[in-house]
Protein chains: 2
Amino acid sequence: MQLRMTNQREMILRELKKSKRHLSADELYDIVKKVMPRISLATVYRNLEILSEKGVIRKLEISGRQKRFDFDVSDHDHIYCAMCHKVDNLNIERKNVNSEQLGVEAGYSITGYRVEVIGICPECQKKEKIKEKK
Amino acid sequence: MQLRMTNQREMILRELKKSKRHLSADELYDIVKKVMPRISLATVYRNLEILSEKGVIRKLEISGRQKRFDFDVSDHDHIYCAMCHKVDNLNIERKNVNSEQLGVEAGYSITGYRVEVIGICPECQKKEKIKEKK
DNA sequence: CTCCGTGCAAACGATTTGCACTATG
DNA sequence: CATAGTGCAAATCGTTTGCACGGAG
């Protein structure tokens, strides 16, 4: 099965790349819909799924109900805002973590690992301070 | 709002403790239902939510569609089987990871972090080998 | 002209919620 | 006896799927 480059697919890819953020399917849908009003949410889901299977983009399995997608396929970890659920990149020196060893101890064969830092992003910190003053 | 110790709550807590695994709400429901056939799945969800809010148990936000719950509240990380979605414990020396520093760089205030190793558990490795032989 | 991709609506799985009833403290 | 907790069913949320049609190669 080979991929075809449809307008929808191209647009989804372009908008995901343009936005430096890590978008969820419906956020991306809202963006693309402005240019392509007839596009279906199912199309967005299908494309994100296929493109991440092919390794063109990356599906992030992180905290929160929704999956998010990343145009940057290279190995890197994420920081997650507990308040607004935004996801930013993190550059941890991965050599520090010797997870392989630990996994082998438990009898597992390791395919990968991820580090997820949870915190409150600068924007939400400001909001909190404003609230506190009230 | 104070907590009351109902039969349902006690049972949920006991079964979660008894099982060394990291159960999902519906797995726990199936177990408890054997002793308490009239219990509702909603009750299980509500109790797991409340108990993890109070810090009695811990809600794991990990890979996979379902949330899982852990009787062990202490800081520790998890290894996740990509095939059967089972979750085991992992004992990483947490001092190795200097996530706080990185989070601060991005302007975040850090509340925690987690390391999640993904792999294939011993049982599923065996299953794979059997498949290959066919 | 083939068959991958689309839009739509319906189906789905996990979780949450409104309501009237029950039972703990 | 006040009010936290329950069971049930319906609602919700994110995501997936069946189907007939449309368009890329």
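Heavy-atom accessible surface of B:Tyr113, to the nearest 10 Å², is about 30 Å², with a 1.4 Å probe and all protein chains retained.
Mean partner shielding of peptide B:119-127, defined as the number of other chain Cβ atoms within 10 Å of each residue Cβ, is 4.
Size descriptor for the range B:1-72, Kirkwood hydrodynamic radius: 12.2 Å (Cα pairs only, one decimal).
The accessible-area ordering, largest first, of the residues A:Asp70, A:Asp75 stands as A:Asp75, A:Asp70, per a 1.4 angstrom probe.
The simple Förster model, with R0 at 45 Å and r as the Cβ-Cβ distance, assigns A:Asp75 and B:Ser19 a FRET efficiency of 0.85.
Ranked from largest to smallest solvent-accessible area, with a 1.4 Å probe on the protein heavy atoms, A:Thr111, B:Thr43, B:Thr6 come out as A:Thr111, B:Thr6, B:Thr43.
Rolling a 1.4 Å probe over the heavy atoms of the protein chains gives the range A:1-72 an accessible area of 63 Å² per residue.
Chains A and B together bury roughly 2700 Å² of accessible surface, counting both sides and using a 1.4 Å probe on protein heavy atoms.
The values are calculated or read from the model by the stated rules, or taken from the named source; none is laboratory data. These figures come from a predicted structure and were not determined experimentally. Here Cβ is always computed from backbone atoms with ideal geometry, including for glycine, and neighbour counts include all displayed protein chains. These area figures cover heavy atoms from the full protein model, side chains too; ligands, DNA and RNA do not enter into them. Shrake-Rupley method; radii C 1.70, N 1.55, O 1.52, S 1.80 Å.
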